[in-house]
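The values are calculated or read from the model by the stated rules, or taken from the named source; none is laboratory data. As the structure is a prediction and not an experimental result, all values here were calculated from the model. Note that we place each Cβ from the backbone using ideal geometry, even for glycine, and neighbour counts take in every protein chain shown.
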Amino acid sequence: MRAAVYHGGEQGIAIEHLADPHAQPGELLIEVGFCGVCGSDVAMTSGSAFDYPAGRCFGHEYAGTVVEIGAGVSGWRLGERVACRPKTACGACDLCREGHLLLCPGGAHLSKGFAQFVAVPVEAAVRLPQSLSLADGALIEPMACGLRAFRAAALRPGDRVLVLGAGSLALSAIWWARRLGAAKVVVAARSDHRRDICHDFGADAFVSLSDDDPDAIAASLGGAPHVVAECVGKPGMIAKAVEQVRPGGTILSLGMCMAPEPILPIGLTFKEARLIFPLGYSEAEFEETARAFDQAGFRPEQMVSDVFPLEAVGEVIARLRAGAALRKVHIDPRIAA
Ligand SMILES: [Zn+2]
Ligand SMILES: [Zn+2]
């Protein structure tokens, strides 16, 4: 099969022919339909201390079709459509018990969706509701992060929410803030070319981040935000959030900023504000996200701006690193090279 492999440093990302995987006992073999390119894929192929290990396949936002069923697996049929959690957990350690699935040192790493096929332990596969397409399914993973984030912020119905940024992470934040009962959701972003989709995902208003009026955000929210979701990941954004957040409020750092960001702790102290760094989702939150789309009749695939073949992974990541205004890119390994 063809798969993208990250070799680290200058060698970068290559598309290689690897042995076809098969479903071992307890596994399903998935033919990948779509795998999304995530901001973390850009960050983790940049030659920093946070890189994927060299020589590894990657891609953690994927959905596909069951094409082989391993021995001992019951209750599954060929052709069923699934979204895959990109990691399993041991289920027994302290971190697992606390719900930190992605931090468990055990379990299997299944971030290898930029490939034609992936064999996954059956517990990593989540059946897609009929109402969701494979493209919707590949968006469960990134969208689940917003659910965990607002749970961590203890968002209450009636709260005001400010989302900094308008990329795919921001869309997840907007959608969950709305679904979890925020009274008002305002997006502040540098350019307004994503205004329409932010509204489609549930934003009430869109404010320019370059607006010189420091009160513009609070004015459109009807007061300072109880929760600020930082979804840009550039230096200066946490400081912006500290400036805007309501006393007693919570700042969610979701942007995975790779550069130092100077903040004045006293600014947080004098507001008794919290600054937290949620990561990923629990197994239950992943499944809850799939159910929530189904119940809401919501099709997240509208956030996909481009679909490319596997061979484009390296180029897409390079373009994103250079600041290209792509929204959510899906890689479809079924497209012939
Ligand atoms: Zn991701
Ligand atoms: Zn564990």
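Points worth noting:
- With respect to (1) without any contact (Cβ under 8 Å) to a residue 24 or more places away in the chain; (2) within 27 Å of Ala4 (Cβ to Cβ); (3) exposed (fewer than 12 other Cβ atoms within 10 Å of the Cβ); (4) not aromatic (Phe, Trp, Tyr), the lone exception for Ala336 is condition (1).
- Some residue of region 159-176 being surrounded by fewer than 21 Cβ atoms within 10 Å (Cβ to Cβ) and away from ligand 1 (no atom under 14 Å from the Cβ): no
- Qualifying residue in region 55-73 (condition: surrounded by fewer than 18 Cβ atoms within 10 Å (Cβ to Cβ), more than 16 Å from ligand 1 (Cβ to nearest atom), without any contact (Cβ under 8 Å) to a residue 24 or more places away in the chain and part of a loop (DSSP other than H, G, I, E, B)): no
- Taken over region 77-92, the criterion of being surrounded by 15 or more Cβ atoms within 10 Å (Cβ to Cβ) and either within 16 Å of ligand 1 (Cβ to nearest atom) or more than 25 Å from the chain's Cα centre (by Cα) (or both) is satisfied by Ala83, Cys84, Arg85, Pro86, Lys87.
- Hits in region 16-38 (condition: more than 30 Å from Gly75 (Cα to Cα) and crowded, with 19+ Cβ neighbours inside 10 Å): Val37, Cys38
- Of all residues in region 28-50, those that are over 14 Å from Ser168 (Cβ atoms) and touching a residue at least 40 places away in the same chain (Cβ under 8 Å) have Cβ atoms under 8 Å from Cβ atoms of residues that are more than 16 Å from ligand 2 (Cβ to nearest atom) and basic (Lys, Arg), 6 or more apart or on another chain, in Glu31/Arg334; Val32/Arg334; Gly33/Arg81; Gly33/Arg334; Ser46/Arg321.
- Filter pass, Arg77 being more than 16 Å from ligand 2 (Cβ to nearest atom), of a type in the set (Lys, Arg) and free of Cβ contacts under 8 Å to residues at least 12 places away in the same chain: yes
- Every residue from region 23-72 that is touching a Leu at 6+ places or on another chain (Cβ under 6 Å) and among the charged types (D, E, K, R): Glu68
- Against the list (1) outside the structural domain of Leu171 (by TED's automatic domain parsing); (2) in a loop (DSSP other than H, G, I, E, B); (3) free of Cβ contacts under 8 Å to residues at least 60 places away in the same chain, the condition Phe298 fails is (3).
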